[in-house]
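Since the structure comes first, as structure tokens, the remarks are kept for the end.
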Amino acid sequence: MSLNSFGHLFRVTTWGESHGPALGATVDGCPPGVPLTEADIQPWMDARKPGQNKYTTQRQEADQVEILSGTYEGKTTGTPIQLMIRNTDQRSKDYGEIARKFRPGHADITYWQKYGIRDPRGGGRSSARETAARVAAGAVARAALASLAPGLTIRGAMVQMGPHGIDRAAFDWAEVPRNPFWCPDPAAAAAWAGELDALRKSGNSVGAVIEVQASGTPAGLGAPVYGKLDTDLAAAMMSINAVKGVEIGAGFAAATLTGTENADEITMGPDGPVFSSNHAGGILGGISTGQDLVVRFAVKPTSSILAPRKSITLTGEETEIVTKGRHDPCVGIRAVPVGEAMMACVILDHLLLDRGQTGGVRGPIG
């Protein structure tokens, strides 16, 4: 299986399976001299790890990251950084029934059709467990960004669960760590709790929309044609397990606007250009404007549910299947730190690309 890597200059390769002994990431292209220890990575791993509350899978994994190479005396050396996360709570017996059946909504059938072999234990490489490696790599990217772009802040939130969105007027980043949904609206979080609890008890699941923002992004990242910043951001978010749609800025809502409504007017402020709005999501012509980068992605309902679903066997017989085991009733909850990690990787990659191409030169304004 090829294509397990992403990025250009800052390049990440993830490896390992859901029920193997370990998984991890090889990070290549991180600049030397960046302060980095396992303690710098672990808080981001803790944010994503399973079993933290009743609304996520009850699989118990410490997600303790180990740095095997690429650092010396607490700083990166510029050589490949090898990160490993050991699996400690596998229950492969939960997946015995699916070895000869295909789960609807999962990659079981396409893996078999493509490769003629698959690891049914937890979905192998298609498992959301793979995202732990992305979060570890994103922590490395954040450490480098702290040195190269110290004013940059990346943060994410769940802004919709099923059909229920937040009240944008009540959006408060300070609320995000105060509830189990990463929700910036306390009233919405309270309403979601009751609904998700009912879905969880019935063995069902629901989808979500995640929003990730990057404030303090330098202007000038990205290139106008095939190296667009929004192209790489969309690809990065779309590569996350269970993601079925991505939008930048106003996204699909831009189709409902007129040109006068959609255009973000520009005036001159004391420190440079000032935009009246941000329908563009901080990117024009594939290049960052210096405004907040705004990306949203839609996560489908968890396909592993207790309700019987029609399917077929390896030999073509029709059957029913119930997916047993420990699964997230709303996988979007734990997708928030994954989206943040992917944005960090993409921004660092484009910062390094820009530094290599332009050396940081910018056209003067004013």
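The values are calculated or read from the model by the stated rules, or taken from the named source; none is laboratory data. Keep in mind it's a predicted model, so treat the numbers as computed, not measured. We place every Cβ from the backbone using ideal geometry, glycine too, and count neighbours over all the protein chains shown. To get the accessible areas, we keep the full protein, side chains included, count just its heavy atoms, and leave off ligands, DNA and RNA. Shrake-Rupley method; radii C 1.70, N 1.55, O 1.52, S 1.80 Å.
Computed 3J(HN,Hα) for the range 202-218, one whole-Hz value per residue from the Karplus formula 6.51 cos²θ - 1.76 cosθ + 1.60 where θ = phi - 60°, is 8, x, 10, 8, 8, x, 7, 10, 10, 10, 10, 10, 10, 9, x, 5, x, glycine and proline marked x. With the highest mean first, a sort of the peptides 37-43, 284-290 on other beta-carbon atoms found within 10 angstrom per residue produces 284-290, 37-43.
Per-residue accessible area (protein heavy atoms, 1.4 Å probe) orders Val274, Val140 as Val274, Val140, starting from the largest. Using the Cα gyration tensor of the range 106-193, with a ≥ b ≥ c the square roots of its eigenvalues, what is the shape: rounded (a/c below 1.5), prolate (a/b larger than b/c) or oblate (neither)? Verdict is oblate for the range 106-193.
Please list the helices of the chain that count as membrane-span-like by this rule: a mean Kyte-Doolittle hydropathy of at least 0.5 together with Cα atoms stretching 24 Å or more along the helix axis, each helix being a complete DSSP H run. Long hydrophobic helices here: 131-148, 335-358.
A Gaussian network model of the chain, with springs between Cα atoms under 10 Å, assigns the largest mean-square fluctuation among Leu83, Leu348, Leu148 to Leu148. Under 5 Å between amide hydrogens, built in the peptide plane, is the criterion, and for Gly245 it picks out Ala298 among residues at least 5 positions away or on other chains.
When peptides 356-362, 340-346 are sorted by average Cβ neighbour count within 10 Å, with the highest value leading, the order is 340-346, 356-362. Average accessible surface for the chain: 46 Å² per residue, computed with a 1.4 Å probe over protein heavy atoms with every protein chain in place. Computed from Cα atoms alone, the Kirkwood hydrodynamic radius reported for the chain is 21.7 Å. Share of carbon and sulfur in the accessible area of the chain stands at 56%, probe radius 1.4 Å.
Leu352 contributes an accessible area of around 20 Å² to the protein surface, as traced by a 1.4 Å probe with all chains present. Model label sites at Thr110 and Ala169, defined 7 Å from Cα along the beta-carbon direction, differ in position by 4.2 nm.
Calculated FRET efficiency, Lys244 and Glu73, Cβ-Cβ r, R0 45 Å, to nearest 0.05?
0.50
With a cut-off of 8 Å between alpha carbons and a minimum separation of six or more residues, what is the relative contact order of the range 259-324 in percent? Relative CO of the range 259-324 lands at 17 percent. Using a probe of 1.4 Å on the protein chains alone, the accessible area found for Tyr72 is around 150 Å². Comparing Ile266, Ile312, Ile81 in a Gaussian network model of the chain where C-alpha atoms under 10 Å apart are linked, the largest mean-square fluctuation is found at Ile266. Across the chain, how many lysine pairs, 8 or more positions apart or on different chains, have C-alpha atoms separated by under 17 Å? Please give the number. Lysine pairs meeting the criterion: 10.
Between Arg155 and Ala190, what is the FRET efficiency for a Förster distance of 22 Å, r being their Cβ-Cβ separation, to the nearest 0.05?
Once the sixth-power term is evaluated, E becomes 0.55.
Taking all protein chains as shown and a probe of 1.4 angstrom, Glu317 keeps an accessible surface of around 100 Å².
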